[in-house]
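Take a look at the structure set out below.
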DNA sequence: TTGAAAGCGCTACCAC
DNA sequence: GTGGTAGCGCTTTCAA
């Protein structure tokens with residue numbers, strides 16, 4: 001059993017009161033230079049480390065935030081290298097401000113966030129919630145500062161960090177059109193397209209696609225929607241559908257991961273990219289530059305996304321004014337080798 | 001300001017003492033069925049949630065463990081999808097036992113682990129330390145239970161979870177030999193090969209490679225060591241070196257990630273795989289099945305690795321007997337399409 | 001400039 | 001069975 005050294009031990013040995021030690025430790029209150037010196041030396045000698053949980057009992061702050069990620073949603077966690085960067089961004093941002101993060105995987109349908117209350121977390125960052133998830137209501141009931149990432153929730157009171165998905169999608173589609181493609185398939189994910197509006201990110205990207213078509217005077221064709229999961233396997237399967245669609249010369253996939261599956265599928269079918277099909281992805285994973293051919297994609301800075309979310313959360317916690325509750329990060333189109341000229345150029 | 005409801009409020013409203021409430025909450029001590037009922041109803045009504053930090057002040061346990069990952073080591077964090085699975089394994093294992101994890105990125109050279117003491121963490125899981133890192137000494141000084149993952153530290157007192165890297169490497173190399181390859185290049189990482197023994201994982205894998213050669217009576221040729229980072233870019237560069245090595249028909253890369261870079265490099269040079277070169281990787285990332293051709297590799301169960309580490313840590317914390325301080329997880333050779341027959345078959 | 005003391009929410013011991 | 005109460009390690013008035 002490690003013998004804990006407390007503020008009392010320090011006070012005793014330094015011959016001062018615990019109040020004084022507390023003042024020295026926190027740099028608050030007043031203390032003479034000599035007292036400070038003396039106390040600090042004793043702290044050093046004893047190897048005293050302040051007990052944060054105890055301090056928090058008084059101050060009512062834990063300097064701890066929860067990062068909540070749904071574990072059960074298939075094709076997200078397991079599949080996407082994405083999350084690691086996000087996490088790194090959040091961790092880094094928190095560290096800069098002396099916060100630590102508690103990582104919690106939840107089952108979206110049953111989680112009550114009791115742990116957040118029990119541990120008296122200062123705030124929560126929640127990733128990838130669906131609008132209709134009951135979890136969001138429960139999270140808000142906590143009365144804690146919460147920031148949602150990639151969730152596209154209607155309620156404008158909620159703090160959110162998202163990507164400019166619609167713009168990204170618009171730019172990707174426009175680029176294909178500019179390259180002379182007209183019939184552009186879309187790998188939208190494993191959802192009913194008629195209810196796409198409740199799938200935030202996907203909906204936005206779908207709208208961006210339509211924006212571009214409309215601008216170019218191309219009719220939207222529901223036949224071109226491929227409803228398969230945005231995963232490696234989903235992309236792979238999608239290649240089967242793709243080749244059956246007449247006159248299609250390009251496909252836009254809502255994630256790089258599925259675009260990779262797609263590339264593999266097409267290669268196995270002997271279809272050349274970008275010769276017969278132009279392919280464009282979304283995310284710009286670190287690996288996307290290394291596919292063959294290298295993947296044209298919409299780039300998002302995932303690290304920055306994590307950082308923006310912590311910033312917004314911590315400002316909220318510190319009671320600092322928040323400029324905007326809904327932060328939208330910019331996207332960038334990265335043209336590489338999977339896109340080429342279409343028949344109309 | 002959210003009005004905190006404490007044990008006192010519950011006690012008052014239920015007309016019992018706080019001691020009784022505490023008993024009910026913890027299911028300890030004795031209490032009549034009717035009291036229990038009454039108290040529980042009040043808890044419900046008031047929405048009371050126990051304050052864990054306060055409880056921990058008494059019990060001297062936080063039920064919190066730190067997961068420590070070096071942030072500064074290039075080519076690890078950023079590059080490797082690997083970590084996400086590990087994290088997921090740890091989180092899940094912890095959750096099962098009512099622990100939470102605090103994620104901390106550290107700079108290996110300067111970290112003092114003060115946060116672990118301050119927050120009174122119950123234990124630490126540390127990933128990917130190098131033998132000569134000062135951080136390991138500092139971590140041990142804390143006097144906390146610690147488990148190292150992927151660190152291969154000499155000290156047999158330390159708790160460690162590793163992979164059977166040597167065996168994995170042996171099997172990969174043996175397989176290539178059995179397929180008729182004799183001159184097998186090795187992408188070992190960006191390190192001086194003469195000091196490889198201080199790079200745990202790499203050393204083990206290097207030994208496994210030599211084991212296989214020796215068994216087959218093939219002389220070890222230092223010329224075949226390619227010293228480039230085990231990253232996408234490193235693998236890509238490695239292809240340049242590879243093609244200059246005479247008579248080499250196969251290459252074993254110490255990570256899938258670098259194998260992917262390698263595949264791209266070779267393809268760009270017009271070298272066929274597995275026609276001209278057989279390629280074998282290590283890790284079996286979820287994406288490795290989707291490269292073209294799909295990657296033959298040594299598989300490790302990363303999720304399981306994380307789980308094993310928590311289990312070992314929590315048993316330590318709970319004072320349960322630990323069978324073995326050094327847990328070695330099995331590997332598996334997954335033969336896919338990047339390996340084919342060599343000239344000697 | 002310093003110290004005494006109250007109290008944060010909880011557990012655990014000991015009386016009743 | 002139940003309650004009183006002494007701390008756990010700390011911050012923070014308020015006095016001195």
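Distances from residue A:328 to the same residue in each other copy, label points 7 Å out along Cα→Cβ, in nm, shortest first?
Copy-to-copy label distances for residue A:328: 5.7 nm.
What is the packing order of peptides B:176-186, B:15-25, taking the mean over residues of other C-beta atoms within 10 Å and listing the highest first? Numbers along the way, then the final one.
Working: B:176-186: 20.5, B:15-25: 17.4.
Going by the mean number of other Cβ atoms within 10 Å, highest first, we get B:176-186, B:15-25.
Going 7 Å from the Cα of residue B:140 in the Cα-to-Cβ direction, what parts of segment B:301-345 have a backbone nitrogen less than 16 Å from that spot?
Once the point is set 7 Å along Cα→Cβ of residue B:140, B:325-326 turn out to lie under 16 Å by backbone N, inside segment B:301-345.
How many nanometers, to one decimal and shortest first, lie between the label point of residue B:134 and those of its other copies, if labels sit 7 Å from Cα toward Cβ?
Output for residue B:134: 5.3 nm, nearest copy listed first.
I'd like the mean, over residues of B:49-57, of how many other protein chain beta carbons sit within 10 Å of each residue's own Cβ.
6
By counting other Cβ atoms within 10 Å of each Cβ, how are A:243, A:39 ranked from fewest to most?
Lowest count first: A:243, A:39.
Please compute the Cα-Cα pair-distance distribution of segment B:183-328 with 10 Å bins starting at 0, giving whole percents from short to long.
Reading upward from the zero bin: 11, 36, 30, 15, 7, 1.
Averaging over every viewing direction, what projected area does the convex hull of the Cα atoms of segment B:1-56 cover, in nm²? Let's see the in-between values first.
Values: hull surface 15.7 nm².
Averaging across all directions leaves 3.9 nm² for the Cα convex hull.
Measure off 7 Å from each Cα along the Cα-to-Cβ vector at residue B:61 and residue A:271, then give the distance between these two points in nanometres to one decimal.
Taking the simple label geometry, residue B:61 and residue A:271 are separated by 5.7 nm.
Which residue fluctuates the most in chain A, going by a Gaussian network model with Cα springs under 10 Å, if the choices are A:43, A:125, A:102?
In this elastic network of chain A, the residue with the biggest mean-square fluctuation among A:43, A:125, A:102 is A:43.
Which FRET efficiency value, to the nearest 0.05, do you get for residue B:194 and residue A:96 by plugging their Cβ-Cβ distance into 1/(1 + (r/R0)^6) with R0 = 56 Å?
0.90
Expressed as an acute angle from 0 to 90° and rounded to the nearest 10, what is the orientation of the C-alpha long axis of helix A:82-96 relative to the principal long axis of chain A?
30 degrees
For chain B, set up a Gaussian network in which alpha carbons nearer than 10 Å are linked by springs, and say which option among B:277, B:175, B:48 fluctuates the most.
For chain B, modelled as a Gaussian network with Cα springs under 10 Å, the answer is B:48.
Is the C-alpha gyration tensor of segment A:141-263 telling us rounded, prolate or oblate? Criteria: a/c under 1.5 is rounded; beyond that, a/b larger than b/c is prolate, otherwise oblate.
In terms of gyration-tensor shape, prolate.
Could you calculate, for segment A:90-175, the ratio of the Cα radius of gyration to the Kirkwood radius, expressed as Rg to Rh? Don't skip to the answer; put the middle values down first.
Values: Rg = 15.0 Å, Rh = 14.5 Å.
Checking Rg against Rh, the ratio lands at 1.04.
When each pair of different Cα atoms in segment B:278-345 is counted once in the 1/r mean, what is the Kirkwood radius in angstroms, to one decimal? Please list the in-between numbers first.
On the way: mean 1/r = 0.0699 Å⁻¹.
By the Kirkwood definition, the hydrodynamic radius is 14.3 Å.
Tell me the volume per residue, in Å³, of the convex hull enclosing the alpha carbons of chain A.
170 Å³
Peptides B:278-285, A:328-335: what's the order by average Cβ count within 10 Å, highest mean first?
B:278-285, A:328-335
What is segment B:235-335's relative contact order, in percent, from Cα pairs under 8 angstrom and six or more apart in sequence?
23 percent
Apply the Debye scattering formula to segment B:192-262, with a single equal point scatterer on each alpha-carbon and no solvent, then give log10 I(q)/I(0) at q = 0.12, 0.19, 0.22, 0.24 Å⁻¹.
-0.32, -0.84, -1.11, -1.26
Considering Cα pairs under 8 angstrom that are at least six residues apart, work out the relative contact order of chain A and quote it in whole percent.
18 percent
Name the residue, out of B:172, B:33, B:212, whose mean-square fluctuation peaks in a Gaussian network model built on chain B with Cα pairs under 10 Å.
The residue with the greatest mean-square fluctuation here is B:33.
Compute the Rg/Rh shape ratio of the protein assembly as shown: radius of gyration over Kirkwood radius, all on alpha-carbon atoms.
1.02
How well do other chains shield peptide B:96-109, expressed as the mean number of their Cβ atoms within 10 Å of each residue Cβ?
The shielding value for this peptide is 3.
Highest mean first, what order results for A:109-122, B:296-309 on Cβ atoms within 10 Å?
Numbers: A:109-122: 18.4, B:296-309: 23.0.
Packing proxy ranking, top to bottom: B:296-309, A:109-122.
Compute the label-point distances linking residue A:218 to its equivalents in the other copies; points lie 7 Å from Cα along Cα→Cβ; give nm, one decimal, shortest first.
Here residue A:218 shows inter-copy label distances of 5.1 nm.
Over the alpha carbons of segment A:28-159, what is the largest minus smallest coordinate on each principal axis, giving the biggest first in Å?
61, 31, 24
All of the numbers you see were taken from the coordinates with simple rules; none came from a lab. Since we're looking at a predicted model, the values are computed, not measured. All Cβ positions, glycine included, derive from the backbone under ideal geometry; neighbour counts span all protein chains shown.
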